[in-house]
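The values are calculated or read from the model by the stated rules, or taken from the named source; none is laboratory data. For clarity, every value in this text was computed on a predicted model and none was experimentally measured. Positions of Cβ are backbone-derived with ideal geometry, glycine not excepted, and every protein chain shown enters the neighbour counts.
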Amino acid sequence: MRRYITLVALCIAAIPAHAGELGAMKAESIDLGGFLGVVYYTPEEDGYRVVTTIAQGEAGLPVRFVAILTENQTVAVSVPGKLGESDQIVEISRVGGKLVVSSNPDIDGIIVASPAAAVE
């Protein structure tokens, strides 16, 4: 039950998904079809610690993905589509000192995030 409360709290704290800046420890909502979640990062000595948490609907078990991204690295989180449908993908990259979050990168726009105070 605690993990559901944590996911709900993160979703409430999340900024609605739109193009804009995502500061350190500020969450961005993501939608991967029937899976909803949030992405946030913290600057660390060895890179940006990016945390992505998703769950299927309200009753789904939350799953967390964590990655440390250095300059020019990318990580993707994907959810397979139904038979005959495309996968849902969120791609997270660190480029030019900014964090770039893109849902279905070939289709949708890009959300660019830059840290308020990055640790290099």
Quiz item: Can we say Val75 is among the aliphatic types (A, V, I, L, M) and modelled with pLDDT of 90 or more?
Solution: yes
Quiz item: Leu7: modelled with pLDDT under 85, within 15 Å of Arg64 (Cβ to Cβ) and crowded, with 16+ Cβ neighbours inside 10 Å, yes or no?
Solution: yes
Quiz prompt | Qualifying residue in the stretch 82-91 (condition: closer than 18 Å to Asp31 by Cβ, among the basic types (Lys, Arg) and modelled with pLDDT under 85) | solution = yes
Exercise. Look at the stretch 45-80 and say how many of its residues are farther than 20 Å from Ser29 by Cα and touching a strand residue (DSSP E or B) at 6+ places or on another chain (Cβ under 8 Å).
Key: 6
Self-check item: Among (1) at pLDDT 90 or above; (2) in contact with a strand residue (DSSP E or B) (Cβ under 9 Å, 6 or more places away or on another chain); (3) not aromatic (Phe, Trp, Tyr), the one test that Asn104 misses
Solution: (1)
Quiz prompt | Residue, farthest from the chain's Cα centre (by Cα), within the stretch 23-79, restricted to residues that are among the hydroxyl-bearing types (Ser, Thr, Tyr) and surrounded by 15 or more Cβ atoms within 10 Å (Cβ to Cβ) | solution = Tyr48
